[in-house]
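Since the structure comes first, as structure tokens, the remarks are kept for the end.
The values are calculated or read from the model by the stated rules, or taken from the named source; none is laboratory data. All values reported here derive from a predicted model rather than from experimental measurement. Cβ atoms come from the backbone with ideal geometry, glycine included; neighbour counts cover every protein chain shown. Accessible surface areas use protein heavy atoms only, side chains included; no ligands, DNA or RNA. Shrake-Rupley method; radii C 1.70, N 1.55, O 1.52, S 1.80 Å.
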Amino acid sequence: TVKAGLAQMLKGGVIMDVTDAAQARIAEDAGACAVMALERVPADIRAEGGVARMSDPGKIKEIQEAVTIPVMAKARIGHFVECQILEALGVDYIDESEVLTPADDAFHVQKARFNVPFVCGCRNLGEALRRIAEGAAMIRTKGEAGTGDVVEAVKHMRTLNHDIARAKAALQEGGDLAIRALARELGVDAGLLKQTAELGRLPVVNFAAGGVATPADAALMMQLGCDGVFVGSGIFKSGDAAKRAKAIVRATTHFRDAKVLAECSEGLGEAMVGISVSSMKPEQKLAGRAKCIG
Ligand code: PLP
């Protein structure tokens, strides 16, 4: 589709969370392929608590005026009116995001009804293919946003890879019948599952997200097979945002070149302090909110 094609153009890039025009310019200068316009980065959403909603349109407009690269903005899961508003503002992509407080604990937005492309989070192939069936043009692994801990992003990427390998094996060994059985088990459309098995990857672009904080983290996710990375709190919660932003872009491009990775990891100053996911209670995790609150 046209929308999935748009997302293809972001491949190999870094999408950075920004809260104002100055940060957006730093991101663009560092070589970000897009920015995510937000009122608060995930680490602050986490720290401040309360209900997290779509940003003030004024904030989004300020960021749209500051840069030439695509501008994304977040809507709450299931909040189709926030999506209508973001589409009216002319954002380039909408992120239906678990980082905000879910507005519907049963249904995601029917994304195919919109002209603007959507990106959605996933923790496994089932979630990814359900979101694609709803019209998502791009997927990102959820990770655990606002922690600076990459462990959940790794888990979700490995789970996705494992699930895709299972789908490939099912198709090779049992054909359409086995695909239909696996589709029932995962709760997904059999046609999309077969397409995934044939391609050996998701049929849309898949970025890593949630806890990426260093050039090495970004390269790790790339080597695990993602198409690019989202960096949320990792840049503007660090000591030297401009330097770290450039280093993460370079590491994402040269993700297999350990010499380059060593160079761009050096002298970056303070990384975001972060919280270790293993020290968190289940209800403190954003990625699995539906299962904890709902
Ligand atoms: N509801 C909310 C708020 C969620 O965050 C998620 C996961 O993305 C789900 C539900 C699970 O939806 P599904 O089982 O359709 O993937």
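Per-structure values
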{"quantity": "Helices (runs of 4 or more DSSP H) wholly inside the range 182-294 containing at least 3 residues that are more than 16 Å from the ligand (Cβ to nearest atom), among the small types (G, A, S) and crowded, with 22+ Cβ neighbours inside 10 Å", "calculated": "241-253"}
{"quantity": "Sole exception among (1) among the aliphatic types (A, V, I, L, M); (2) within 16 Å of the ligand (Cβ to nearest atom); (3) open to solvent by 10 Å² or more (accessible area, probe 1.4 Å) for V154, by number", "calculated": "(2)"}
{"quantity": "Residue that is over 27 Å from T1 (Cβ atoms) and either at pLDDT 95 or above or touching a His at 6+ places or on another chain (Cβ under 7 Å) (or both), where the choices are A181, A153", "calculated": "A181"}
{"quantity": "Sole residue being of a type in the set (A, V, I, L, M), out of contact with any strand residue (DSSP E or B) (no Cβ under 9 Å at 6 or more places or on another chain) and either part of a loop (DSSP other than H, G, I, E, B) or crowded, with 22+ Cβ neighbours inside 10 Å (or both), chosen from A43, A47", "calculated": "A43"}
{"quantity": "Residue check, T159 within 14 Å of the ligand (Cβ to nearest atom), open to solvent by 30 Å² or more (accessible area, probe 1.4 Å) and under 30 Å from K281 (Cα atoms)", "calculated": "yes"}
{"quantity": "Output for the range 101-130, where each listed residue is of a type outside the set (G, A, S), near the ligand (Cβ under 8 Å from one of its atoms), open to solvent by less than 20 Å² (accessible area, probe 1.4 Å) and in contact (Cβ under 8 Å) with a residue 24 or more places away in the chain", "calculated": "C120, C122"}
{"quantity": "The listed residue being open to solvent by less than 40 Å² (accessible area, probe 1.4 Å) and touching a residue at least 60 places away in the same chain (Cβ under 8 Å), out of A34, A30", "calculated": "A30"}
{"quantity": "Residue under evaluation A66, criteria (1) modelled with pLDDT of 95 or more; (2) under 19 Å from A209 (Cβ atoms), criterion not met", "calculated": "(2)"}
{"quantity": "Residue in the range 52-69 that is farthest from the ligand (Cβ to nearest atom), counting only those that are assigned to a loop (DSSP other than H, G, I, E, B), closer than 25 Å to P102 by Cα and not hydrophobic (A, V, I, L, M, F, W, C)", "calculated": "D56"}
